[in-house]
Amino acid sequence: MASFFRRTIAAKLGRTLQQPEDVFIPALTAITVLKKQQESPDFKLSLGTLRGNGVLPSHGDIQQQTEHLASQLKEDSVVEGITTGKAVINFKVNRKLLAEKLLEPFGKGEDDKFGLNSELLDSLKRGTTLVEYSSPNIAKKFHAGHLRSTIIGNFIANLKETLGNKVIRMNYLGDWGMQFGLLGAGFGQFGSVEKLKENPLQHLFEVYVQVNKEAEHNPDVKQAARVFFKQLEQHESQAVSLWQQFREITVKEYRHVYKRLGVHFDVYSGESFHQDQAQEAVRQLQSRGLLKTSEKGTGVVDLSPHGDMSSVCTLLRSDGTSLYITRDIAAAIDRKEKYCFDEMIYVTDKSQENHFSQLFQILRAMGHSWADGCRHVSFGLVQGMKTRTGDVVFLEDVLDEVRARTLQNMSQTNTTKELEDADDTAEKVGISALIVRDFKGSLHSDYKFDWERILQSQGDTGVFLQYTHARLCSLMRKNEGLAAATFNPSLLGEQTSISVLQHLLRYEEVLHQSAQDLEPKHLVNFLLKLSHFIASAHRELPVKGSQHDVAQARLRLFSGACSVLANGMRILGITPLNKM
Ligand code: ARG
């Protein structure tokens, strides 16, 4: 694997400079392969990084230092070429070994471990990670922001799990607040138990919209809502039982829709769980002298750097009830106690950046130093995500739309007719397209949504990834008889093969980088590029009609590439398809 070469080169450097080999690992990177295929080295060592780390003295001319170090290094049977560039030393490894080491795991049934046994990845901290994502609000709209949170959080959870962490996947429902007062008050008038069972999300939303409209001109409804919510807060059994019904039915429905999307949660928590704890957290703040009463009678925490109340955060309304942030403080403390996480990641759109920065600040002020392990992953807005029937209100709308559109596109190709379950395939392809579009750029940027573009089969889309994967699977199906435990790595010497292999060398670095900034774009772009290299290999390296041992070696190359593609897709939250 890649780590074999990294270690060998690091050891060589260690011997030459009389330093432990570990220090060279972070300074060594696999060289990005250019589209224009030409012979190029495989790894480069950055002298700048070594000077920055204190491994090399940081004074003197860096180029002289580079040339000097390079001249001390000797080529051998693994590293066949050592050259220098601008403050870098390039290493070219033996071509036969490159194929042998990289493609070795695929003959041993260790396909899903590819790239994971790596010094580079070992340098990452491992532990328990709690990822909170999706977190829609009951009876309210599920908007594009919730969809983004769902797929981004799922990606982060998958990535963390792949890298050996224990992961807790949590959905924190907006299951508390005045909307339940309104729902409770309005359900008798506008609700129907039957409709609630039939289509719960839609029905609750409808009742909520209707009762809101009514409340606008009817103060009695407003008053009834307040009374109902108060009853809820005081745990009165009738109110609680209705609320519970709303919640249970909603969760059941959501579970079902998330399943279509390929997403699951270990815990469905929610704001309602932390009512009482919120009051307890407020008492703790009080006893530390951190809670002040404002002129309006609200309870606030002073977050200004000079303690002059120029920036405060409200935790209690004047009637003593808690707010969104108060419940978040309580929820964080509760999660720490329950799950002993080493890190907790919240995924929401960027409009909540201030909220989370205040949350972490307050937790720290309360003496919870573990708040340093909390992180908010925020993302930009999606503009123009509409379905044929109008605005997106439910997650299901998006999934239905993506399925219908993909099905229509697929029906124009012949192969679709042979599919057993075209609906299901279309849905999975469509979801891949959504995910790839969403993950291609930086999370923080906003983007404009365009159905036509995301579903193009040519170009850098999720459809292209699925198509590449399905094509490789078909190649393997057709040549099943050829697959063997061994292969001759000397037969993969063409530049087309080398490019695929060199690109695979980068996989562990891509995972490493993703683990650091939690951006899915590195992996998406790696997989898209891999698919382009595979397309060239598919054109130029036929299996059928080639000599037996050549065909066998090529098949191994394709099967390795296919596994890495599938592994990467799964981390992104995409189910790789064997046929399409
Ligand atoms: N339900 C919230 C919303 O829809 C998102 C919750 C985010 N998580 C949290 N712990 N505050 O805006």
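Details
- Of the residues making up region 404-422, those that are farther than 18 Å from PRO576 by Cβ and assigned to a helix (DSSP H, G or I) are ALA404, ARG405, LEU407, GLN408, ASN409, LYS417, GLU418.
- Selection status of ALA215, touching a residue at least 40 places away in the same chain (Cβ under 8 Å), among the small types (Gly, Ala, Ser), part of a helix (DSSP H, G or I) and away from the ligand (no atom under 16 Å from the Cβ): no
- All of GLU206, GLU236, GLU194, GLU253 fail the test of being among the charged types (D, E, K, R), more than 30 Å from ILE571 (Cα to Cα) and under 34 Å from the mean Cα position of the chain (by Cα), apart from GLU206.
- Test: residue in region 325-340 that is closer than 24 Å to GLY441 by Cα and outside any helix (DSSP H, G or I): no
- Subset of region 353-392 [surrounded by fewer than 19 Cβ atoms within 10 Å (Cβ to Cβ) and in a loop (DSSP other than H, G, I, E, B)]: MET366, GLY367, HIS368, GLY380, LEU381, GLY384, ARG388, THR389
- Out of VAL209, VAL193, VAL167, VAL221, one residue alone is among the β-branched types (Val, Ile, Thr) and either under 18 Å from GLU248 (Cβ atoms) or within 12 Å of the ligand (Cβ to nearest atom) (or both). It is VAL193.
- The set of residues in region 123-156 being within 15 Å of the ligand (Cβ to nearest atom) and either touching a Lys or Arg at 6+ places or on another chain (Cβ under 6 Å) or part of a strand (DSSP E or B) (or both) consists of LEU130, VAL131, GLU132, ASN137.
- Any pair with Cβ under 7 angstrom, 6 or more apart, that starts in region 122-144 at a residue that is among the hydroxyl-bearing types (Ser, Thr, Tyr) and ends at one that is within 9 Å of the ligand (Cβ to nearest atom): TYR133/SER149; TYR133/VAL347; SER134/HIS146; SER134/SER149; SER135/SER149; SER135/TYR172; SER135/LEU173; SER135/GLY174
One line per residue, one yes/no per condition, for (1) within 16 Å of the ligand (Cβ to nearest atom); (2) closer than 28 Å to THR150 by Cβ; (3) assigned to a loop (DSSP other than H, G, I, E, B); (4) not polar (S, T, N, Q):
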residue: ASP276; (1), (2), (3), (4): no, no, no, yes
residue: ARG283; (1), (2), (3), (4): no, no, no, yes
residue: PRO305; (1), (2), (3), (4): no, no, yes, yes
residue: SER310; (1), (2), (3), (4): no, no, yes, no
residue: CYS313; (1), (2), (3), (4): yes, yes, no, yes
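- Set side by side, the residues ASP328, ASP342 differ, and just one is acidic (Asp, Glu) and either within 16 Å of the ligand (Cβ to nearest atom) or surrounded by 19 or more Cβ atoms within 10 Å (Cβ to Cβ) (or both), which is ASP328.
- One residue from HIS264, HIS306 being at pLDDT 95 or above and either more than 30 Å from GLU198 (Cα to Cα) or surrounded by fewer than 18 Cβ atoms within 10 Å (Cβ to Cβ) (or both): HIS264
- Residues (within 12 Å of the ligand (Cβ to nearest atom) and touching a residue at least 24 places away in the same chain (Cβ under 8 Å)) located in region 357-383: GLN358, LEU359, CYS374, HIS376, VAL377, SER378
- With respect to (1) outside any helix (DSSP H, G or I); (2) within 30 Å of GLU206 (Cβ to Cβ); (3) more than 14 Å from the ligand (Cβ to nearest atom); (4) hydrophobic (A, V, I, L, M, F, W, C), the lone exception for VAL300 is condition (2).
- All helices (runs of 4 or more DSSP H) inside region 1-85 with 3 or more residues being surrounded by 21 or more Cβ atoms within 10 Å (Cβ to Cβ) and aromatic (Phe, Trp, Tyr): none
- Only listed residue being more than 30 Å from GLU509 (Cα to Cα), assigned to a helix (DSSP H, G or I) and in contact with a Phe, Trp or Tyr (Cβ under 7 Å, 6 or more places away or on another chain), chosen from GLN189, GLN202: GLN202
- Some residue of region 159-171 being under 30 Å from LEU523 (Cβ atoms) and hydroxyl-bearing (Ser, Thr, Tyr): yes
- Sub-9 Å Cβ pairs linking a first residue in region 502-525 that is free of Cβ contacts under 8 Å to residues at least 40 places away in the same chain to a second residue that is of a type in the set (Val, Ile, Thr) and assigned to a helix (DSSP H, G or I), at least 6 apart or interchain, are HIS522/VAL510, ordered by first then second residue.
- Flag if LEU395 is closer than 23 Å to VAL167 by Cβ, away from the ligand (no atom under 12 Å from the Cβ) and aliphatic (A, V, I, L, M): yes
- Screening ASP549 on (1) of a type in the set (D, E, K, R); (2) within 19 Å of HIS469 (Cα to Cα); (3) part of a helix (DSSP H, G or I) shows it passes everything except condition (2).
Okay, residues lined up against (1) within 25 Å of ALA561 (Cβ to Cβ); (2) surrounded by fewer than 12 Cβ atoms within 10 Å (Cβ to Cβ):
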residue: ARG405; (1), (2): no, no
residue: GLN408; (1), (2): no, yes
residue: GLU420; (1), (2): no, yes
residue: ILE435; (1), (2): yes, no
residue: ARG453; (1), (2): no, no
residue: GLN456; (1), (2): yes, no
residue: GLY462; (1), (2): yes, no
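The values are calculated or read from the model by the stated rules, or taken from the named source; none is laboratory data. This one's a predicted model, so the numbers in the text were calculated from it and none came from an experiment. Counting neighbours? That spans all protein chains shown, and the Cβs are built from the backbone with ideal geometry, glycine included.
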